Ligand code: FEO
């Protein structure tokens, strides 16, 4: 069992993860519209991963005999600029999520809620990986320069990403 405050905070975050999925789906649609098929695929996988985060949060709230409450999902932007700007926006969003996870963890520690602390540890590790994979893409894009050929080559690399089963 978790406190009502913890339940509210986790529900709030579940909704934030839903928004993340919605945002990346919008980014994927934008990339597809621009003809960046690899980036569109990478972002589609990212959107799917966010739904895995939603499912994990959903299951944990229920396992703790608390109630899942869904809220409305904010409308995401639909224009994201150049490919570098697009991935800069991904990284900025992931850093925001990392801050939210940090706040959840701080709350769990303050409550001596060891079950939630252990549960959140997976998300702490996941955020490090997500920020790193996004930063790697940005670094490569900046290294290659903003030419059509460079974008074409990196877009092809991005197409290789597949949905990985979540580590337990
Ligand atoms: Fe669910 Fe990308 O954070």
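The values are calculated or read from the model by the stated rules, or taken from the named source; none is laboratory data. It should be emphasised that the depicted structure is a prediction, and the values quoted were computed from it without experimental measurement. Cβ: placed from backbone, ideal geometry, glycine included. Neighbour counts: every protein chain shown.
Tabulated data
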quantity	calculated
Selected residue (criterion: farthest from residue 132 (Cα to Cα)) from residues of the range 54-111 that are without any contact (Cβ under 8 Å) to a residue 24 or more places away in the chain and assigned to a loop (DSSP other than H, G, I, E, B)	72
Some residue of the range 75-90 being over 30 Å from residue 140 (Cβ atoms), away from the ligand (no atom under 14 Å from the Cβ) and at pLDDT 95 or above	yes
Residue check, residue 120 in contact with a helix residue (DSSP H, G or I) (Cβ under 6 Å, 6 or more places away or on another chain), within 15 Å of the ligand (Cβ to nearest atom) and assigned to a helix (DSSP H, G or I)	yes
Search result, residues across the range 131-168 that are within 12 Å of the ligand (Cβ to nearest atom) and touching a residue at least 60 places away in the same chain (Cβ under 8 Å)	166
Condition met for residue 36 (within 16 Å of the ligand (Cβ to nearest atom) and either over 12 Å from the mean Cα position of the chain (by Cα) or over 30 Å from residue 107 (Cβ atoms) (or both))	no
